[in-house]
Amino acid sequence: MKYDYLNIVGLMTGTSVDGIDISLVQTNGLNLRRLNQNYFYKYSKETKSFLMEMLNEDININLKRKQYLDEFITNEHYLALKDLNIIQMADIIGFHGQTIYHNPTNKISIQLGDPKKLAKIFNKNVVFNFRSKDIEFGGQGAPLAPIYHQYIIEEFNLKLPSCILNIGGVSNLTYWDGNSLIGFDTGPGNALMDNHVSFISNKHFDENGNLASKGTPNKTIIKKILNHEFFNAHPPKSLDKHSFINFYHELIKYNYSDADILATLAELTVDAIATSFRFLPKKVNSMIISGGGCRNTYLINRLKEKLNLKFIDEKQLGIDFDYIESELIAYLSARSIYNLPISFPSTTGVSKPLSGGKVYNFL
């Protein structure tokens, strides 16, 4: 089969719900050409507050009004794209949607959005629903990034074995040694820290980890939570943003300062990542850190102290780490169109390498 390059707009909004990452790339699902067409659509304060409230609601409440929420999310993506000339250049739109619930134990992953409506608005075919087929065939539906992370590692000829760590609401790790591709969630990312900052202020995250850097982590509590069965389970494995919210609720019952709470949450993220390296078959030689967490100076410095690795930064590669996930959605869209696998037994636990993503036609 011939894998032609397609102009694809990749759209990604993560559990931080700060806005929509947008990338126009050329990709055939095997290779990718960056066109320096990256955009960020920032949600209004009202939209962000609404979405944060929605994510914290009981899932049953959200499912009752899912049609309304699908339209709301789709409209935000319309607003993000309507004034960008890249939409005229695009052959395909890759639309991940907003994840509101991910429960790998019960084999459920729900993303909001109406791909048919988006396709009709822009007269473009839309690829959506990247996770359901994986779940149908025994996978956890996450993480989906490893196959694109593998491409980046090979594209820049990073010293193997190499890892890419994405610190979003949840942290996920990809390992590639030229033979074995492994992917899994390591534990909480930014979500618990962001929760607390939103609780104590009108901000949504601890910029540069400034407040956490002034606190002292409670190592006894961290050790206790790291005994949870998730951290001792072998990959593949995945989490929901709220998987350890009970730990957070227990933590804030104590008379700790906000700085100590944030330091403890940050150290939990760091320790969960560090201990996850025991599941990797070989010693890692190089590492990229992406996601919102890569902007948290305190968090990254703590990771560097824990991990004796060569860290690769954006300047060395000449790419913007903020848009790896929107590029990923474009890449997965092309692989979906060409029926190339996007998930694997070693990344999601699916029964066999499997393509995914459904194409919704605008006609």
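The values are calculated or read from the model by the stated rules, or taken from the named source; none is laboratory data. Predicted, not measured: the structure shown is a model, and the values here were computed from it. Cβ coordinates were reconstructed from backbone atoms using ideal geometry, including for glycine residues, and neighbour counts include every protein chain displayed. The area values use the complete protein model at the heavy-atom level, side chains included, leaving out ligands, DNA and RNA. Shrake-Rupley method; radii C 1.70, N 1.55, O 1.52, S 1.80 Å.
Miscellaneous remarks
- Among the residues listed as 120, 124, 116, 159, the single one being open to solvent by less than 50 Å² (accessible area, probe 1.4 Å), basic (Lys, Arg) and either in contact (Cβ under 8 Å) with a residue 40 or more places away in the chain or in contact with a Lys or Arg (Cβ under 8 Å, 6 or more places away or on another chain) (or both): 124
- Test: residue in segment 191-202 that is of a type in the set (D, E, K, R), open to solvent by 40 Å² or more (accessible area, probe 1.4 Å) and within 30 Å of residue 58 (Cβ to Cβ): no
- Residue in segment 45-53 that is touching a Gly at 6+ places or on another chain (Cβ under 6 Å) and small (Gly, Ala, Ser) present: no
- Residue 181 vs. criteria open to solvent by less than 10 Å² (accessible area, probe 1.4 Å), closer than 30 Å to residue 131 by Cα and in contact with a helix residue (DSSP H, G or I) (Cβ under 8 Å, 6 or more places away or on another chain): no
- Condition check for residue 211: in contact with a Lys or Arg (Cβ under 9 Å, 6 or more places away or on another chain), farther than 18 Å from residue 55 by Cβ and either open to solvent by 30 Å² or more (accessible area, probe 1.4 Å) or of a type outside the set (S, T, N, Q) (or both): no
- In segment 8-62, of all residues being assigned to a loop (DSSP other than H, G, I, E, B) and of a type in the set (Ser, Thr, Tyr), the one that is surrounded by the most Cβ atoms within 10 Å (Cβ to Cβ) corresponds to 13.
- Restricting 315, 310 to those that are over 20 Å from residue 150 (Cβ atoms), at pLDDT below 95 and basic (Lys, Arg) reduces the list to 315.
- For segment 346-363, the set of residues classified as open to solvent by 40 Å² or more (accessible area, probe 1.4 Å) and either among the small types (Gly, Ala, Ser) or in contact (Cβ under 8 Å) with a residue 40 or more places away in the chain (or both) consists of 346, 351, 352, 358, 359, 361, 362, listed by residue number.
- Any chance residue 246 is under 15 Å from residue 192 (Cβ atoms) and buried (at least 18 other Cβ atoms within 10 Å of the Cβ): no
- When 192, 158 are checked against the criterion of being assigned to a helix (DSSP H, G or I) and over 11 Å from the mean Cα position of the chain (by Cα), a single residue qualifies: 192.
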